[in-house]
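**Student:** Please find one structure pasted underneath; my questions will follow.
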Amino acid sequence: MSELEIGWLLFGVTTLVLFSGVPIAFGLLSVSIGFLWIFQGPASLAAVGRTFFEEMASFVLLTIPMFILLGAAIGVSRAGSDIYESLHRWLARVPGGLVIANILACGMFSAVCGSSPATAAAIGKVGIPEMLRRGYPPTLATGSICAGGTLGILIPPSVTLILYGIATETSIGRLFLAGVVPGVLLVLLFAAYSWIYSLFQASTSALRSSERYSLREKMDGLGRVMPFLVIMVVIAVAMYGGWATPSEIAALSAFLALLLVFVIYRATSAREVWAIFSDTVRESTMIIMIIGAAGLFGYMMSLLYVTQTMADALVAWNLDRWTLLIFFNVLLLILGCFLPPVAIILMTMPILQPVLEANDFNLIWFGILLTINMEVGLITPPVGLNLYVIRGVAPQVPLPQVLLGSLPFVVIMLLFMVVLSIFPGIALWLPDTLMGPGS
């Protein structure tokens, strides 16, 4: 078989294995070992163990369990409730203010969490029942949280951007900076849609709250979010000021989050402490195992010349930049409907990166585009994780209604991807300004 034929066979087998429900790490391991055995012989398996563990030996990977610990600690506290309540007091008189408050809360929670499902669950558990109780349409109530939760993988700190940085050997600090402006713009676009929707639904009294809060009550609510603002400022100043590495900042952020949860929220029961650390160990182990398996998968593709051959084939198509970009995004959108972002990044970037570099695409900008693409995958079936998270926190709302409510936000994200493709400076302006021009 030619290298290209092996590549297509590999793609088909890998797709079947992953769709079978096998854990991603074990699926990639089994495919890698099987193809090495068949096409390179038993002797090639001698490097399996070394390659697998070398991929997991990087010091940069320390950021992953630390940021996951940060998110787990915040997730078991009343953080989501406090952020939501504070914003609601300020936006109570705005049409659709409760929805806007939830979207802004998702954005703030994302900035200290880094996980989309955790963001959707934390804000959704508080916000959705409150919106439904006040008569908000179930589609708007669930769709806004479902979409707002996806911001967890775009607004830094983001585990997805860390993995992309590791896979492409690009600066994690630049990626974090590049995600700030697009993340804030998406929050504002989601909020603007909710406001406009509420204006056109003026007959629905629920969308226009009669509640009033005094300035003292508003300031008291604002005080509840100050600890989270401190963590956000510490992360921003330490990383973007060049005071510490991403790994050191992740450790500091995790420590501050634990301090916040244990001292302010008094989450010191055995059940809560166990939930924090067990969730951290489980998610970190899963991700790092996938990284090791993906490293072996990449080694196998390189040894069989699949990576080089498929990259050369893509270049040989002589597609113009726009056609190539559309092709990549359609491919990623399809994969995002079935696979989690971690697997997609680690499986596709060894093939896509040489083509991107050959066509002078900026890898930092493409990382943000890819992340927004993955956000769409989180709220589209059949494996839209946030859809099922919202279904879990609001079982009274049928899944089709959750999906229907998410569709306008999907359209917003897709249109924003087009704008970001035309104006890459939206993502690159901040890192280039603070860190100097770079790729």
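The values are calculated or read from the model by the stated rules, or taken from the named source; none is laboratory data. Small disclaimer: the values here were computed from a predicted structure and weren't measured. Heads up, the Cβs are rebuilt from the backbone with ideal geometry, glycines too, and the neighbour counts pull from every protein chain shown. For accessibility, only protein heavy atoms count, side chains too; no ligands or nucleic acids. Shrake-Rupley method; radii C 1.70, N 1.55, O 1.52, S 1.80 Å.
**Student:** Whole-Hz ³J(HN,Hα) for each residue in the range 286-292, computed from phi via Karplus 6.51 cos²θ - 1.76 cosθ + 1.60 with θ = phi - 60°, x for glycine and proline: what do you get?
**Tutor:** Using θ = phi - 60°, the values come out as 4, 5, 5, 4, 5, 4, x Hz.
**Student:** Which trypsin sites (Lys or Arg not before Pro) from the range 19-128 combine a DSSP loop assignment with at most 10 other Cβ atoms within 10 Å? Each step should come with its number before you reach the end.
**Tutor:** On the way: sites: Arg50, Arg78, Arg89, Arg93, Lys125; in loops: Arg78, Arg93.
Passing sites in the range 19-128 do not exist.
**Student:** Turning to a different aspect of this structure: Relative to the present Cα-Cα distance, how much length would full extension add between Val273 and Ala192 at 0.36 nm per residue of separation?
**Tutor:** Extra length from Val273 to Ala192 when fully extended: 25.3 nm.
**Student:** Taking only C-alpha pairs under 8 Å that are 6+ residues apart, what is the relative contact order of the chain in percent? If you can, show how the numbers build up before the last one.
**Tutor:** Working: 641 pairs, mean separation 115.2, N = 439.
That works out to 26 percent.
**Student:** What full-extension length gain, to one decimal in nm, is calculated for Asn318 and Glu248 as 0.36 nm per residue of separation minus the Cα-Cα distance? Can you show the working numbers first?
**Tutor:** Numbers: separation 70, 0.36 × 70 = 25.20 nm, distance 4.36 nm.
Extending this stretch completely gives an extra 20.8 nm.
**Student:** I've got another one for you. Could you tell me how many degrees, from 0 to 90 and to the nearest 10, lie between the Cα long axis of helix 3-19 and the main elongation axis, the longest principal axis, of the Cα atoms of the chain?
**Tutor:** 40
**Student:** So for the pair Ala57, Leu399, with labels modelled 7 Å out along Cα→Cβ, what separation do we get in nm?
**Tutor:** Rounded to a tenth, the inter-label distance reads 4.4 nm.
**Student:** Right, another one. Give the residue from Leu185, Thr150, Gly124 lying farthest towards the positive end of the charge dipole for the chain; charges sit on Cβ (+1 for Lys and Arg, -1 for Asp and Glu) and the dipole is referred to the Cα centre.
**Tutor:** Final value for the positive-end residue is Gly124.
**Student:** Might you report the magnitude of the Cβ-based charge dipole of the chain about its Cα centre, with Lys and Arg at +1 and Asp and Glu at -1, to the nearest 20 debye?
**Tutor:** Numbers: 18 positive and 21 negative charges, 334 e Å.
Value, rounded to 20: 1600 debye.
**Student:** Taking the Cα centre of each part, how many Å lie between the range 265-313 and the range 378-439?
**Tutor:** For the range 265-313 versus the range 378-439, the Cα centre distance is 22 Å.
**Student:** Figure the gain on full extension for Arg282 and Ile334 (residue separation times 0.36 nm, minus the Cα-Cα span) and round it to one decimal in nm.
**Tutor:** Numbers: separation 52, 0.36 × 52 = 18.72 nm, distance 2.74 nm.
Separation in residues times 0.36 nm, less the Cα-Cα distance, equals 16.0 nm.
**Student:** Another question, then. I'd like the carbon and sulfur percentage of the solvent accessible area for the chain, probe radius 1.4 Å, heavy atoms only, ligands and nucleic acids excluded.
**Tutor:** Working: 12710 of 18230 Å².
Of the solvent-accessible surface of the chain, carbon and sulfur hold 70 percent.
**Student:** While we're on this one: With a/c under 1.5 counting as rounded, go ahead and sort the range 103-207 into rounded, prolate or oblate using the C-alpha gyration tensor (a ≥ b ≥ c being the square roots of the eigenvalues; past the cut-off, prolate if a/b is larger than b/c, else oblate).
**Tutor:** On the way: a/c = 3.72, a/b = 2.19, b/c = 1.70.
Because a/c hits 1.5 or more and a/b exceeds b/c, the range 103-207 counts as prolate.
**Student:** If I model a spin label at Phe11 and Ser30 as a point 7 Å from the Cα along the Cα→Cβ vector, what separation in nanometres do I get?
**Tutor:** Those two pseudo-labels are separated by 2.3 nm.
**Student:** HN-Hα J couplings of the range 413-425 from phi, Karplus 6.51/-1.76/1.60, θ = phi - 60°, integer Hz, Gly and Pro as x?
**Tutor:** 5, 5, 5, 5, 4, 5, 4, 5, 5, 6, 10, x, x
**Student:** Also, quick follow-up: Quick check for you: with a 1.4 Å probe and neighbouring chains kept, what is the accessible area per residue of the chain, in Å²?
**Tutor:** Details: 18230 Å² over 439 residues.
Per residue, the chain has an accessible area of 42 Å².
**Student:** Okay, helix-only estimate at 222 nm for the chain: each DSSP H run of n ≥ 4 adds -39500 (n - 2.57), divide by all residues, round to 500 deg cm²/dmol; what do you get? Intermediate values should be presented prior to the final figure.
**Tutor:** Details: 20 runs with 334 residues, N = 439.
Helix-only estimate at 222 nm: -25500 deg cm²/dmol.
**Student:** Ordered by residue, what ³J(HN,Hα) values in Hz, to whole numbers, does the range 432-437 give under the Karplus form 6.51 cos²θ - 1.76 cosθ + 1.60, where θ = phi - 60° and Gly and Pro are x?
**Tutor:** Coupling constants for the range 432-437: 5, 6, 8, 10, x, x Hz.
**Student:** Also, quick follow-up: Between Ala47 and Arg134, what is the label-to-label distance in nm when each label sits 7 Å out along the Cα-to-Cβ direction?
**Tutor:** Calculated label separation equals 6.0 nm.
**Student:** Moving on to the next point. Using only Cα atoms, tell me the angle between helix 159-168 and the longest principal axis of the chain; keep it within 0 to 90° and round to the nearest 10.
**Tutor:** It works out to around 20 degrees.
**Student:** So which residue, out of Leu258, Leu91, Leu314, gets the largest mean-square fluctuation from a GNM of the chain using Cα contacts under 10 Å as springs?
**Tutor:** Leu314
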